[in-house]
Structures are given as C-alpha cells and as structure tokens.
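Got a structure for you, written out below as structure tokens; questions coming shortly.
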Amino acid sequence: MEKISFVYNKDSYNAYDAQRIVFEASKYKSEISFTDGNKSGNAKSIIGLLSMKFLKGDTYIIVAEGPDAKKAVTGMSEFIAKL
C-alpha cells in the first residue's frame, strides 16, 4: 500500500473535476482512494469523488493498493496539482 498527501489548491470543485480525476485514475491497475481522515472516496467512481467535496486549502491523502500503487499515488498527486 502506498500513500501520499496533497493540499487541494483549486478554488472550486465540481462534477467536471471529479470526472477528470476518474479518467486519470482509470489509467492505473491499483485500487485508488482519497481520504480526509473522516470519509473516503473511490478515485474510480464519480459518485465517490463527488461525496469528497474537496475544499481549497484542505489536506487529503491518496491511498493506492495494487501492482502500480507507487506510480498511481505519484501520478494522481501530480494530476490534481495541475487541475
């Protein structure tokens, strides 16, 4: 299992952002999820991501488990930083 934290820096979060994250997460074989300590959402599920309600300045953790977990957490962190 691999983990990496990130601070969400975008001013807003909507269904389009969630959809883009799902498409990016789907490139990896590992199971990927986001957590804020209280709740978590599957990175490959738009419903799971919409329930996360990312807020600017909050810290989240990407957790991945599977054959490309290290690559997945790094790639997802870099992707979200560019949103």
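Please specify each residue of the stretch 1-39 satisfying the condition of being open to solvent by less than 50 Å² (accessible area, probe 1.4 Å) and within 11 Å of the chain's Cα centre (by Cα).
Phe6, Tyr8, Asp17, Ala18, Ile21, Val22, Glu24, Ala25, Ile32, Ser33, Phe34, Thr35
Got a number for residues in the stretch 67-82 being open to solvent by 40 Å² or more (accessible area, probe 1.4 Å) and in contact (Cβ under 8 Å) with a residue 60 or more places away in the chain?
Residues in the stretch 67-82 being open to solvent by 40 Å² or more (accessible area, probe 1.4 Å) and in contact (Cβ under 8 Å) with a residue 60 or more places away in the chain: 3 in total.
Which residue pairs have Cβ atoms under 8 Å apart, sit 6 or more places apart or on different chains, and have a first residue in the stretch 50-66 that is touching a residue at least 12 places away in the same chain (Cβ under 8 Å) and a second that is open to solvent by 80 Å² or more (accessible area, probe 1.4 Å) and of a type in the set (Lys, Arg)?
Pairs found: Ser51/Lys39; Met52/Lys39; Ile61/Lys3; Ile62/Lys3; Val63/Lys3; Ala64/Lys3; Ala64/Lys70; Gly66/Lys29.
Select from the stretch 34-55 the residues that are in contact with a Phe, Trp or Tyr (Cβ under 6 Å, 6 or more places away or on another chain) and farther than 16 Å from Val22 by Cα and list them in ascending order.
Selection gives Asp36 alone.
For the stretch 6-46, give me the residue count where each residue is of a type in the set (Ser, Thr, Tyr) and closer than 10 Å to Val63 by Cβ.
4
The values are calculated or read from the model by the stated rules, or taken from the named source; none is laboratory data. Note that the structure is predicted; figures quoted are calculated from it, not measured. Cβ sites come from the backbone with ideal geometry, for glycine too, and all protein chains shown count toward neighbours. All accessible areas refer to the heavy atoms of the entire protein, side chains included, with ligands and DNA or RNA removed. Shrake-Rupley method; radii C 1.70, N 1.55, O 1.52, S 1.80 Å.
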